[in-house]
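The values are calculated or read from the model by the stated rules, or taken from the named source; none is laboratory data. For clarity, every value in this text was computed on a predicted model and none was experimentally measured. All Cβ positions, even for glycine, are placed from backbone atoms using ideal geometry, and neighbour counts span all protein chains on display.
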Amino acid sequence: MTDALCRPDFVTRAAPLLVCSLLAALFVVTPAGCDGDRPAKPTGTTAGSADGKAAVDCQREPIAAGEQVRIAVIPKGTTHEFWKSIHAGALKAERELPGVQIIWKGPTKEDDRGQQISVVENFINAGVTGIVLAPLDDVALAKPVQEAGRAGISVVVMDSALEADPCREFASFVATDNYVGGQHGARRLGEILGGKGKILLLRYQVGSASTVQREQGFLDTLKADFPDVQVVSADQYGGATTESAYAKAENLLNRFADLDGIFCPNESTTFGMLRALQGSGRAGKVKFVGFDSSDKLIQAMADGELHGLVLQDPLNMGYVAVKTLVAFLRGEKVATRIDTGSAVATPENMNDPRIRELLSPPIDEYLLR
């Protein structure tokens with residue numbers, strides 16, 4: 001996984017309002033307009049990686065000893081099971097960190113960029129100590145993150161990358177290597193098709209960096225490893241809700257009657273497509289690989305209607321994102337990129353202990369208290 005982490009598209013940016021310049025093997029970092037009440041005089045160091053590229057650690061001056069730490073955790077949405085697991089992970093970290101308070105708030109719908117921007121701005125005005133953000137849009141959320149930095153608020157980005165200058169706007173990027181996740185999906189689908197057939201990709205939505213990378217990893221790997229698999233559609237988007245994905249999936253299934261396989265890059269597109277396959281009587285007949293998990297998707301796999309799920313570790317992602325931000329606030333070095341891993345669940349391995357834990361994270365232990 002190290003090589004994947006060091007690809008240019010899987011890079012995180014470092015500390016708040018910092019400007020880093022690479023001088024030989026040392027990063028020299030200077031503050032750029034930092035809030036005088038929250039001095040951040042970071043240093044950066046480099047370490048070699050498997051492919052010879054530099055991996056960066058960043059550091060700032062610690063907040064005052066004993067200062068209450070209020071962390072705003074802002075997901076892309078609040079309804080999907082994935083975000084509930086992220087929330088549980090953040091609360092798990094809160095339990096382990098004395099003096100840390102987690103405040104959870106996000107937009108209701110995963111296409112409401114305006115609402116997510118407002119949530120970030122409200123937390124800036126409230127003067128939180130730090131923000132963990134899963135940006136809905138890699139461009140639209142860059143400005144609010146810059147505003148947080150100008151206010152002296154440190155930021156960790158999770159799940160989806162942000163278009164921002166390295167070593168300026170945020171301390172760390174905690175996420176699945178989404179390109180690798182897409183590769184997992186392509187290999188699973190290609191293998192169960194025997195390396196041939198007609199397939200389609202139902203994309204998620206424009207501007208979602210995480211799913212764009214999954215989709216690209218999927219298409220690149222199919223082309224390279226399964227040249228006899230024909231992609232008949234890869235330009236349609238399911239949108240932010242299960243209902244919109246269901247409507248788009250119905251249209252696609254009506255257009256392509258002789259389809260052999262399908263890949264969907266997130267929970268809502270996967271479930272929307274599952275419903276459309278069930279409604280058309282084609283569930284289980286078309287090879288189907290999705291992304292992320294829910295109770296209904298697990299049942300569909302057990303019933304033979306779903307042939308693979310690429311799984312992230314969202315509970316761990318929320319946990320690591322909060323722990324990383326608190327460590328950074330307390331003056332510790334943090335990695336600018338952290339891969340929280342992925343795996344593939346299949347009907348054959350879905351009862352293995354580790355896969356079962358990823359399919360059904362123990363979120364109630366943290367959410368119901």
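Hey, could you check region 188-210 for residues that are touching a helix residue (DSSP H, G or I) at 6+ places or on another chain (Cβ under 7 Å) and touching a residue at least 60 places away in the same chain (Cβ under 8 Å) and say which is nearest to Ala72 (Cα to Cα)? Spell out the reasoning first.
Of region 188-210, the ones touching a helix residue (DSSP H, G or I) at 6+ places or on another chain (Cβ under 7 Å) are 190, 199-204, 210.
Imposing the further condition that a residue be touching a residue at least 60 places away in the same chain (Cβ under 8 Å) reduces the set to 199-204.
Details: Ile199: 41, Leu200: 38, Leu201: 35, Leu202: 32, Arg203: 30, Tyr204: 26 Å.
My answer is Tyr204.
From Ile262, Ile199, grab the single residue that is touching an Asp or Glu at 6+ places or on another chain (Cβ under 7 Å), aliphatic (A, V, I, L, M) and surrounded by 19 or more Cβ atoms within 10 Å (Cβ to Cβ).
Going through Ile262, Ile199 in turn, the sole match is Ile199.
Inspection of region 273-291 identifies no residue that is of a type in the set (S, T, N, Q) and within 30 Å of Phe170 (Cα to Cα). Can you find a residue in region 235-256 that is crowded, with 24+ Cβ neighbours inside 10 Å and not hydrophobic (A, V, I, L, M, F, W, C)? Within region 235-256 (the criterion being crowded, with 24+ Cβ neighbours inside 10 Å and not hydrophobic (A, V, I, L, M, F, W, C)), the answer is yes, since at least one residue qualifies. Answer yes or no as to whether Val229 is within 25 Å of Glu357 (Cα to Cα) and buried (at least 16 other Cβ atoms within 10 Å of the Cβ). Taking the combined requirement at face value, the residue does not satisfy it.
The number of residues in region 70-90 that are crowded, with 21+ Cβ neighbours inside 10 Å, more than 23 Å from Thr270 (Cα to Cα) and in contact with a strand residue (DSSP E or B) (Cβ under 6 Å, 6 or more places away or on another chain) comes to 5.
Could you check region 60-110 and list, in sequence order, the residues that are of a type in the set (A, V, I, L, M, F, W, C) and under 18 Å from Glu332 (Cβ atoms)? Ile63, Ala64, Ala65, Val69, Ile71, Ala93, Leu97, Val100 - these are the residues of region 60-110 that are of a type in the set (A, V, I, L, M, F, W, C) and under 18 Å from Glu332 (Cβ atoms). Residues of region 321-349 that are over 22 Å from the mean Cα position of the chain (by Cα), touching a residue at least 40 places away in the same chain (Cβ under 8 Å) and outside the structural domain of Pro98 (by TED's automatic domain parsing): Pro347 alone. Arg150 meets the conditions (1) outside the structural domain of Val139 (by TED's automatic domain parsing); (2) touching a residue at least 12 places away in the same chain (Cβ under 8 Å) in every case but one. The failed one is (1).
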